[in-house]
Amino acid sequence: MLVTGPTLDQRFAEAMGQLLGPDFPDHIALAVSGGGDSMAMLALAQNWAHRWGVAFSVVTVDHGLRPESADEARMVGAFCAQIERPHTVLEWRWDGTGNLQDAARRARLDLIDGWRGPIQTVLMAHTSDDVAETFLLRLARGSGVEGLSAMAPMRRAPQGFHILRPCLGMSRAELRHYARVLQVPWADDPSNEDAKYDRSRARALLDRLDVLGLSRDDILATAGRMRRAAVALNARMMSVAEEVVTERAGALLLDRTGFDRVERDTQLRLLAAACMWVSGAEYRPRASGLEGLLDRLTSGGAGTLIGAQIESRANDYVVFREPAAVRDLRAPVGQLWDRRWAVSAPDALAAAQGLEIRALGDAISDCPDWRETGLPRAAIIASPAIWQGAELVCAPLAMAKADWAARIVTPFATWALSH
């Protein structure tokens with residue numbers, strides 16, 4: 001008698017139940033590129049949603065990096081029309097600055113956030129192959145426990161919505177076989193086979209692991225164990241944070257005596273979390289940069305990392321936003337500034353025109369009371385201020401009895417628990 005395991009549809013339903021059940025949301029979204037993994041996920045979601053009565057919309061971000069991308073977006077749209085699901089294409093074009101892959105990743109999340117409306121859950125088609133490839137890439141970079149951990153099946157994006165990865169327990173081959181059987185179209189990205197990309201080389205290496213006596217399952221098992229270890233280490237970090245961290249005006253003060261006496265791994269983990277929270281960075285800093293920064297701090301020095309600036313003082317280490325990172329950042333009053341600050345106006349000025357939020361900068365000279373914050377001058381320079389053209393209207397953190405208010409939308413403790 002032949003005994004077979006659960007079908008891909010059953011595994012997808014089980015993953016969705018674990019991630020979202022038992023009370024499913026009324027409406028979710030799927031990010032679908034047109035590749036084999038995401039198109040198979042779309043077909044799986046169609047079958048699941050039909051059974052459970054969940055509505056979903058599909059979004060494709062066209063990065064315009066290849067001539068074929070527009071055709072691939074139209075292919076996704078045609079399939080969505082066939083299964084009667086709404087589909088939207090969002091376009092992004094790289095301006096040539098910064099790291100392309102990082103810029104594309106951030107743009108994708110920003111565009112999806114602007115499109116999603118009240119939808120809180122977005123599915124993405126990462127697979128077990130992605131986990132294995134990421135493990136190899138980070139191993140090559142000398143990553144520690146956090147970097148070598150399997151990616152989480154659910155995480156909160158910096159923009160506030162939840163990313164779900166219900167296909168993490170499925171291989172790329174399984175998903176493509178499923179798509180072939182159901183005659184679901186997909187497009188192959190030729191850059192996936194281009195050896196000039198690190199991930200492509202990692203993908204090719206996975207097919208040759210047997211010469212070392214390794215398998216993909218070995219890597220996946222190790223990544224899973226690393227994730228369990230990371231959870232335990234993060235629990236330790238949160239316990240220490242309760243004792244040594246004070247949040248003040250968008251900065252973090254780390255009690256020096258308490259911080260210096262804990263084990264180095266917890267120090268590194270807490271320092272990384274502080275830098276990420278202050279800067280809004282999506283990814284943990286690389287281990288080498290973090291180790292070097294910790295050594296400088298404990299020797300009485302200072303440094304910057306991923307958009308955060310850190311200084312050693314007699315009684316604490318203070319972590320705050322790097323002024324250069326927000327120098328040219330602008331947002332209309334009523335929108336978040338630097339993805340973390342909400343500014344509220346007094347009633348008399350709520351309808352004023354031409355007001356925007358920018359960093360205080362050199363106008364700190366107009367705020368003689370800034371020292372009352374107990375923060376370094378550079379931290380206040382990087383704080384939000386309200387401007388009307390070239391005129392400073394108010395600096396909520398630097399002026400005594402300021403009539404405007406500025407607050408961090410997600411406190412450090414809340415943020416750290418979700419990351």
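Picking from residues in segment 80-104 that are farther than 14 Å from Val59 by Cα and part of a helix (DSSP H, G or I), the one that is modelled with the lowest pLDDT is Leu100. Could we say that Arg51 is open to solvent by 30 Å² or more (accessible area, probe 1.4 Å), in contact with a helix residue (DSSP H, G or I) (Cβ under 9 Å, 6 or more places away or on another chain) and within 19 Å of Ala125 (Cβ to Cβ) here? For Arg51, the condition - open to solvent by 30 Å² or more (accessible area, probe 1.4 Å), in contact with a helix residue (DSSP H, G or I) (Cβ under 9 Å, 6 or more places away or on another chain) and within 19 Å of Ala125 (Cβ to Cβ) - is not met.
In segment 175-185, which residues are touching a helix residue (DSSP H, G or I) at 6+ places or on another chain (Cβ under 6 Å) and within 18 Å of Ser128 (Cβ to Cβ)? Answer for segment 175-185, where residues must be touching a helix residue (DSSP H, G or I) at 6+ places or on another chain (Cβ under 6 Å) and within 18 Å of Ser128 (Cβ to Cβ): Leu175, Arg176, Tyr178, Ala179.
Residues of segment 232-260 being of a type in the set (A, V, I, L, M) and either in contact with a Leu (Cβ under 9 Å, 6 or more places away or on another chain) or modelled with pLDDT under 90 (or both), which ones? Result: Met237, Met238, Val240, Ala241, Val244, Val245, Ala249, Ala251, Leu253, Leu254.
Would you mind stating whether Val32 is surrounded by 21 or more Cβ atoms within 10 Å (Cβ to Cβ), under 15 Å from Cys167 (Cβ atoms) and at pLDDT 90 or above? So Val32 fits the description; yes. The residue list Arg227, Arg216, Arg236, Arg201 contains one member that is of a type in the set (Lys, Arg), free of Cβ contacts under 8 Å to residues at least 24 places away in the same chain and out of contact with any strand residue (DSSP E or B) (no Cβ under 6 Å at 6 or more places or on another chain), which is Arg201. Each residue in segment 56-79 was checked for being at pLDDT below 95 and small (Gly, Ala, Ser), and 4 of them qualify. The condition (being over 26 Å from the mean Cα position of the chain (by Cα), at pLDDT 95 or above and open to solvent by 20 Å² or more (accessible area, probe 1.4 Å)) is satisfied by just one residue among Arg358, Arg377: Arg377. Just one of the numbered conditions (1) over 25 Å from Leu294 (Cβ atoms); (2) of a type outside the set (Asp, Glu); (3) at pLDDT 95 or above is not true of Pro346: (3). Summed over segment 288-323, residues that are outside any loop (DSSP other than H, G, I, E, B) and open to solvent by 50 Å² or more (accessible area, probe 1.4 Å) total 8. Kindly establish whether Arg339 is surrounded by fewer than 19 Cβ atoms within 10 Å (Cβ to Cβ), among the charged types (D, E, K, R), closer than 28 Å to Asp110 by Cα and at pLDDT below 90. The answer is yes for Arg339. Looking across segment 400-410, the residues that are in a loop (DSSP other than H, G, I, E, B), touching a residue at least 12 places away in the same chain (Cβ under 8 Å) and open to solvent by less than 60 Å² (accessible area, probe 1.4 Å) come down to Ala400, Trp404, Val409, Thr410. On the basis of being among the small types (Gly, Ala, Ser), closer than 23 Å to Glu174 by Cα and without any contact (Cβ under 8 Å) to a residue 24 or more places away in the chain, does Ala45 make the cut? Judged against the criteria, Ala45 is not a match.
The values are calculated or read from the model by the stated rules, or taken from the named source; none is laboratory data. Predicted model, so just to flag it, every value in this text is computed and none were measured. All Cβ positions, even for glycine, are placed from backbone atoms using ideal geometry, and neighbour counts span all protein chains on display. For accessibility, only protein heavy atoms count, side chains too; no ligands or nucleic acids. Shrake-Rupley method; radii C 1.70, N 1.55, O 1.52, S 1.80 Å.
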